[in-house]
Amino acid sequence: MGHVTVTTYRAFACAIFLTCLLACGVLPAAQENTSEQPNILFLFADDLTYEAIRAFGHTDIDTPNIDRLVNRGTTFSHAYNMGSWSGAVCVASRTMLITGRSVWDANDIYKTTDKERQAGVLWPQLLSQAGYRTFMTGKWHIRTDADKCFDIARHVRPGMPKSVESAYNRPPAQGKDPWSPTDTSLGGFWEGGRHWSAVTADDAIDFLGEAKAGEKPAFFYVAFNAPHDPRQSPQEFLDRYPIERIATAKPFLTEYPYAEEIGAGKKLRDEKLAPFPRTEQAVAVHRREYYAIITHLDAQIGRILKALDASGKAENTWIFFTADHGLSVGHHGLVGKQNQYDHSIRVPFVVVGPGVPKGVTDTTPIYLQDVMPTTLELAGAHQPEHVFFKSLLSRLGKAKSDASPKPYESIYGSYLMLQRSITHDGWKLIIYPSAKVLRLYHVQDDPHETVDLAAEPECADKISQLFDRFIILQRELQDPVDVTYLKPSK
């Protein structure tokens, strides 16, 4: 074999070797061609229930800019958070999001998230390795430092803005309300002189400008604290919601019957916001303030979308809009998110991007954390083996059909060691281990979960089937709580 032939052979062999390494994810993804990689804009809300978007038809609320996203893309109408080991549900949700790990796997790793950061396997780091410039602003609320995970991080916020004592146990049945969402002297979202949602939008708009000047594709992690309490917004947004516009939360209960046994009782911070027992008037006041801060959040999202259009990057940008979990705000006699009802575990999930079908609703159940592997696939980035969640790209292409594989057979839910649930084929079984109670809802026909069917003899087989499914799912997820003693006897 001559010199030229040997050289050619070696080059050919080397090319095959490099191809194999890339295919196996051994080489850093940053060495791949980035010319076709899209920008990724991740818009993330806090405490935003799936109901609170006008385009979805559930609530009389003004969300014109989010509605615009819904009309421009595909909505996954049944997106869920898997649960929490903490009363601060957002901690678990965001740790799952940033690591890709399922809830109890993420709990095990939570105390050592810094080790994962050092190993370079967190979401923004994986995109960085794939050639992305990464930007972050707003709420973080996980163990590691945001500025060590992103190329640029600004105004990294805590779990919630500081509140004051007068924000709790209100409004009173009689007399003047001691707290106002428009009073800037109370701090909270007003701390620093400019509403935090506006600051987060300011940062995102600045990042778009910086990304426009660069050659790399960009990942924008834009995490609003809104509409978490204290639910503060300017007067003009509150004025849009006179109290008579606010419909009564369904089902309305003065108190939830198992609240104390399931960890959602009078000692829980979130539940202390409104007086006990609940009244329709008090719930209406809280829902009014909730809607106002959501509409204010929507206006900030509108500013970001306008800047994206002006940047010239919109046609090559994928937008993902979701939230870390939902919120009760009066449903079932509850105010917080520490429960297994859809208003608290279900979130909006909208995807806009090149080739994504417009104005389409996909009812396939997913987890909100599926956004992480979806963006990794979009970017051509390496996905670590520990990532539990699934990419949704196969359901977003033009060739998608209803026969496309569903990512999950059933949806698992959890809260501490006190609550469990499984949602499957239009039914939900809720399990309360400490209260020794099962609750059954046909959510397909009873979306507000108003009628508990657990005591109905004709539903015994359905409970047994769901319980067996839950046990299998629980073992797969290494759920530490024992619920087998609650299995109904046949």
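The values are calculated or read from the model by the stated rules, or taken from the named source; none is laboratory data. It should be emphasised that the depicted structure is a prediction, and the values quoted were computed from it without experimental measurement. Because the Cβ atoms are built from the backbone with ideal geometry, glycine has one as well, and the counts that use them run over all protein chains shown.
Observations on the structure shown:
- For segment 438-490, filtering for residues that are polar (S, T, N, Q) and part of a loop (DSSP other than H, G, I, E, B) leaves 4.
- Selection status of ARG245, touching a helix residue (DSSP H, G or I) at 6+ places or on another chain (Cβ under 9 Å) and under 30 Å from VAL352 (Cβ atoms): yes
- Here ASP362, ASP309 are screened, and the one residue that is surrounded by fewer than 24 Cβ atoms within 10 Å (Cβ to Cβ), within 27 Å of ARG194 (Cα to Cα) and either out of contact with any Leu (no Cβ under 8 Å at 6 or more places or on another chain) or not aliphatic (A, V, I, L, M) (or both) is ASP309.
- Any hit, segment 161-180, residues being surrounded by fewer than 19 Cβ atoms within 10 Å (Cβ to Cβ), out of contact with any strand residue (DSSP E or B) (no Cβ under 7 Å at 6 or more places or on another chain), closer than 24 Å to SER128 by Cβ and at pLDDT 95 or above: no
- Each residue in segment 106-137 was checked for being part of a loop (DSSP other than H, G, I, E, B) and either of a type in the set (Gly, Ala, Ser) or farther than 19 Å from SER93 by Cβ (or both), and 4 pass.
- Within segment 32-53, the set of residues being β-branched (Val, Ile, Thr), more than 21 Å from THR361 (Cβ to Cβ) and modelled with pLDDT of 95 or more comprises just one member, ILE40.
- Tallying residues that are within 21 Å of ARG303 (Cα to Cα), polar (S, T, N, Q) and part of a loop (DSSP other than H, G, I, E, B) within segment 36-63 yields 1.
- Residue ID - modelled with the highest pLDDT, chosen from residues in segment 110-129 that are more than 16 Å from TYR221 (Cα to Cα) and among the aliphatic types (A, V, I, L, M): VAL121
- Flag for THR450 being crowded, with 18+ Cβ neighbours inside 10 Å, touching a residue at least 60 places away in the same chain (Cβ under 8 Å) and not assigned by TED's automatic domain parsing to the domain that holds GLY263: no
- Enumerated helices (runs of 4 or more DSSP H) restricted to segment 233-345, each holding at least 1 residues that are assigned by TED's automatic domain parsing to the domain that holds GLY175, within 30 Å of ARG133 (Cβ to Cβ) and among the hydrophobic types (A, V, I, L, M, F, W, C): 280-311
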